[in-house]
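Reading through the structure tokens given below for one structure.
The values are calculated or read from the model by the stated rules, or taken from the named source; none is laboratory data. Computed from a prediction, not measured in an experiment: that's the story for all the values here. Cβ sites come from the backbone with ideal geometry, for glycine too, and all protein chains shown count toward neighbours. To get the accessible areas, we keep the full protein, side chains included, count just its heavy atoms, and leave off ligands, DNA and RNA. Shrake-Rupley method; radii C 1.70, N 1.55, O 1.52, S 1.80 Å.
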Amino acid sequence: MEKLVITGKTPLKGEVVISGAKNAAVAIIPATLLINGICTIENLPNISDVKLYCEILESLGAKITWHTEHEITIDTRDINANNVPIETTRKFRASYYLLGALLGRCKSAQIGVPGGCNLGPRPIDQHIKSFEALGATVDVSNGNITAKAKKLKGASIYMDVVSVGATINAMIASVLAEGTTVIDNAAKEPHIVDVANFLNTMGADIRGAGTDIIKINGVKELKGGATYSVVPDQIEAGTFMIAAVASKGDIIVKNCITKHLESIIAKIEEVGGNVDANGDHLRVWYSKRTHKANIKTLPYPGFPTDLQAQMGVLLSISEGTSYINESIWESRFQYTVELNKMGAKINAQGKTAVFEGVNELVAAPVYATDLRAGAALIIAGIVAKGKTEIYNLNHIDRGYENIEEKFRKLGAKIERKIVEE
Ligand code: EPZ
């Protein structure tokens, strides 16, 4: 087992280059199952969820060539299986995209129930409702989800809940359906647009991604034959922006899309940070002690839930009393228990947490409870006085490429060490 050892306080200075978006990559890779051909994907993040998905596709008969750790060519002409066991699918939430992709390709899929970060209940009723609307029968029993259809016919799907995963899964499942599908009350995240752009590059006909109404005109087949570059990761960019202000630093964030960062830029400026955005890069810096703010996490373009924990670190050392309302997930304040060990004064009850700003955090041994909480604890270690140890790194490695290397290049004193058993 490994731990991160971080010595604070260190102001972050310099440049960081953002990797491809995890939540786009883990949808685009299974979506290649819709292609009866070859395609190349660039700017993939070098993270364990991407490697896991490539192993899954190879287990189904895909041939994958790694040109670099960020670029692969996938040949899906000889897919010869449509089932993935629960031992594999339970490792991450995005395994649910196998349902839409295999249903779309071979009208039949059997996968183990998805896993993923423990954020409270993570139902998939909207995914199932979408597949049934397209003509599939879906059975969930004994830890497996089995979806079958004689044929898939375009349908109107109204999402009861704005759901990233269900929106993408419905889009994937309808690409090769007969006729037109309309997804209403769709989620609008940048990674949804990226999956639609990827599929259209490969021959699909999807319009309206990024709005709350997405129209998919079914096509006979996707021939592929093209190359696609994954969108920069909005959440990774936001993580470094918050770290820069919390550490009293001054950094340049490169290879990002500042349009995707509007809610984060607004919140950082509201608390007293500074941002100078220029298209594909931005400068973010600290000039004076930050002060209180209230945050309600919302679907895009609202403030992203995946930056809630990171923002919690900044608010815990900002002047005054701040409030965060986590409207997406039932249980996404577990990180506050760890921050309180470091001297924060946070009272989290249900979907709301109250932050009494303190002057400084103090190092302590802390445990990552999910991917973004792990990133938040790294920020806390950088801003705290003393030597912080962070355990449960598996969460962090799933979603951030070389995170300690990127922070080290910005001046953080951070090392990965083996934990003596
Ligand atoms: C995606 O999860 C992301 N994961 C999450 O990021 C992110 O927090 C979330 O979207 C919201 O932005 C991936 O893309 C792999 P949802 P997903 O469906 O698709 C409810 C990270 O850190 N819901 O948008 O699982 C659900 O309970 C991860 O990168 C239903 O009720 O999220 C939640 O309250 C953590 N029924 C809300 O909708 C459904 O069928 C939003 O969930 C589906 C969802």
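Listing for the model above:
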{"item": "Hypothetical label at S287: residues of the stretch 228-260 whose amide nitrogen lies under 16 Å (7 Å Cα-Cβ projection)", "result": "245-246, 248-251"}
{"item": "Accessible area per residue, Å², the stretch 22-229 with all protein chains present, probe 1.4 Å", "result": "38 Å²"}
{"item": "Within the accessible area of the chain (1.4 Å probe), percent carbon and sulfur", "result": "50 percent"}
{"item": "Theoretical FRET efficiency, 1/(1+(r/R0)^6), r = Cβ-Cβ of K387 and N144, R0 45 Å, to 0.05", "result": "0.50"}
{"item": "Whole-Hz couplings from phi, Karplus 6.51/-1.76/1.60, listed for the stretch 95-105; x for Gly and Pro", "result": "4, 5, 5, 4, 4, x, 6, 6, 4, x, 7"}
{"item": "GNM flexibility winner over the chain from T32, T40, T68 (Cα, springs under 10 Å)", "result": "T68"}
{"item": "Listed pairs K148/K188; K223/K259; K51/K254 exceeding 30 Å between Cα atoms", "result": "K223/K259"}
{"item": "Trypsin sites (Lys or Arg not before Pro) within the stretch 97-160, DSSP loop, no more than 15 other Cβ atoms inside 10 Å", "result": "K150, K151"}
{"item": "Amide proton proximity set for G112, modelled H, under 5 Å, gap of 5+", "result": "V84, I86, T89, I145"}
{"item": "Candidates G238, G225, G100: whichever shows maximal mean-square fluctuation once the chain is modelled as a Gaussian network with Cα springs under 10 Å", "result": "G225"}
{"item": "Top of Q126, Q110, Q349 by mean-square fluctuation, Gaussian network on the chain, Cα under 10 Å", "result": "Q349"}
{"item": "Calculated from backbone phi, Karplus (6.51, -1.76, 1.60) coupling profile of the stretch 22-32 in Hz, x at Gly/Pro", "result": "4, 6, 8, 4, 6, 10, 5, 4, x, 5, 5"}
{"item": "Amide hydrogen neighbours beyond the local backbone of K248, cut-off 5 Å, H modeled", "result": "none"}
{"item": "Helix-derived mean residue ellipticity, 222 nm - over the chain, DSSP H n ≥ 4, -39500 (n - 2.57), to 500", "result": "-9000 deg cm²/dmol"}
{"item": "J(HN,Hα) series, the stretch 147-160, from Karplus relation 6.51 cos²θ - 1.76 cosθ + 1.60, nearest Hz, glycine and proline x", "result": "10, 9, 8, 5, 8, 9, 10, x, 8, 9, 10, 9, 6, 5"}
{"item": "Extension reserve of the V419-I213 stretch, reckoned as 0.36 nm per residue once the Cα distance is removed", "result": "69.2 nm"}
{"item": "FRET efficiency for S156 and K345, using Cβ-Cβ distance with R0 set to 56 Å, rounded to 0.05", "result": "0.70"}
{"item": "Full-stretch length increase - A81, E405 - with 0.36 nm per residue and alpha-carbon distance subtracted", "result": "112.8 nm"}
{"item": "Fully extended contour minus Cα-Cα distance, from T201 to H67, at 0.36 nm per residue", "result": "46.2 nm"}
{"item": "Environment charge at H127 (Cβ cut-off 13 Å; Lys +1, Arg +1, Asp -1, Glu -1)", "result": "0"}
{"item": "Trypsin sites (Lys or Arg not before Pro) within the stretch 168-228, DSSP loop, no more than 16 other Cβ atoms inside 10 Å", "result": "K220"}
{"item": "Cβ-Cβ FRET estimate between E42 and N278, R0 fixed at 22 Å, reported to 0.05", "result": "0.45"}
